[in-house]
Amino acid sequence: MAGLFGSIAAGFERKEARTLDSLPGFMFGPESKAGVSVTWSTALNVSAMLACCKVVGEGIAQTRCKIMRPRAGGIGADPARDHPLYRLLHLSPMKGQTAFGFWETLVFHVMLVGNAYAYISRVGGRVFELIQLDPSKVRVTRRTDLTLVYEVTGEDGQMRRFAAEDIWHVRGPSWNGWMGMETVRLAREALGLAISLEANHAGQHKNGASPSGVYSVEGPLTPEQHSMLTEWLKRQAANPGMPMILDRGAKWFSQQMSGVDSQHLETRRFQIEDICRAVRVMPIMVGQSDKAATYASAEQMFLAHVIHCLAPWATRLEESIEVDLLTEAEQAQGLYANFNLSALMRGDYKSRQEGLQIQRRNGVINADEWRALENMNPRDDEGGGQYIVESNMAVQDGRDLTPMPSSPSPQGSN
């Protein structure tokens, strides 16, 4: 962290500005109509929200971001392993942190509070480290000239100010274009109801889910008898499996609905769907599957998750990397960031091999490329690099494949 606070951006005079101070939201959070305060930490206590964050965070992290460099001629691209950002984004952004953990944490921050921050440590003008910051310790100010200033509270409790080029700011969906909207605030009613339902259901199961009600006896009770009866009821509640023995014509009247009567389970199931809807994660991805779902339909749901959930996330992060971490000269050269989502859409083994076979037969890939896609070494002979086409296909000008008759016409040809 020494590099983070070793060079402080200077030349920022205090000016009239529009600010967004989200610290109160981090500390206390808005109260939902269910009567509970919703913050990022209480939201993570909801298993559905935790599962959504893990599904997206792990999905993005496992694709392993790469910096790509276009080939000469503009067709195809190769990993730019010599670029300093390649190792940071693909393997380790800073000492003691893996790229997987970095991306997972970044997604958690954006999904919960709408913004993620990392300090850009540069050496000789090149990015040397990306140091992840706690969003609750970052305050963003937009000045009248539309530039952004970042005030970061360090581990020593002191606040330091940085220019926009020193902070990598990844935004979620935004209303004003420069700050992401806090998801836990927008979804506070769904989260608050889920928290309240879980607490209420847990209260019902406290002391063995013994029903509360009225213990009615004939005649008045002395204070001593009342105390003795109260202690007896507590002991009875601690042993819910034991039968109740009532004397003096006593009767028990239950005054509380059971979880089934109050439809707790149905409501809690719906809250899972509601939370998934808020963060655009398919319920099946967090273990909430439709009983009518089949293997084929579940496979299509998994593909839909990649297309409609992970792909927008990947695009958001790729563009942020290219704009904020690549120089204008590197952008002009065509360098770009890439999260390879293809591996998440491979399907079952048989379908994947049939698709590769079609590409092989039509000259799209050779044997070595096929083997590389399956994490296998190239063939030992030279034949692995050759492209083949079916016998009824011919090559024209080395580029186009034109279908040819597979057999001569019975009448011969003129």
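The values are calculated or read from the model by the stated rules, or taken from the named source; none is laboratory data. Computed from a predicted model, the values in this text were never measured in an experiment. All Cβ positions, glycine included, derive from the backbone under ideal geometry; neighbour counts span all protein chains shown. Ligands, DNA and RNA are stripped out before the accessible areas are found, and what is left, the full protein with its side chains, is counted by its heavy atoms. Shrake-Rupley method; radii C 1.70, N 1.55, O 1.52, S 1.80 Å.
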Checking rank on 40-52, 108-120, with mean other Cβ inside 10 Å and highest first, the result is 108-120, 40-52
Taking every other residue with Cβ under 14 Å from the Cβ of Trp370 and scoring Lys and Arg +1, Asp and Glu -1, one gets +2
With 0.36 nm assigned to each residue of separation and the Cα-Cα distance removed, Leu303 to Glu319 gains 3.5 nm
Counting only protein heavy atoms with a 1.4 Å probe and every protein chain in place, the carbon and sulfur fraction of the accessible surface of the stretch 79-197 in whole percent equals 55
Placing each pseudo-label 7 Å from Cα in the direction of the beta carbon, Ala311 and Glu354 end up separated by a distance in nanometres of 2.2
Mean Cβ-within-10 Å packing, highest first, puts peptides 161-167, 189-195, 355-361, 227-233 in the order 189-195, 161-167, 355-361, 227-233
Here the gain from full extension of Met181 to Thr98, 0.36 nm per residue of separation minus their alpha-carbon distance, amounts to 27.1 nm
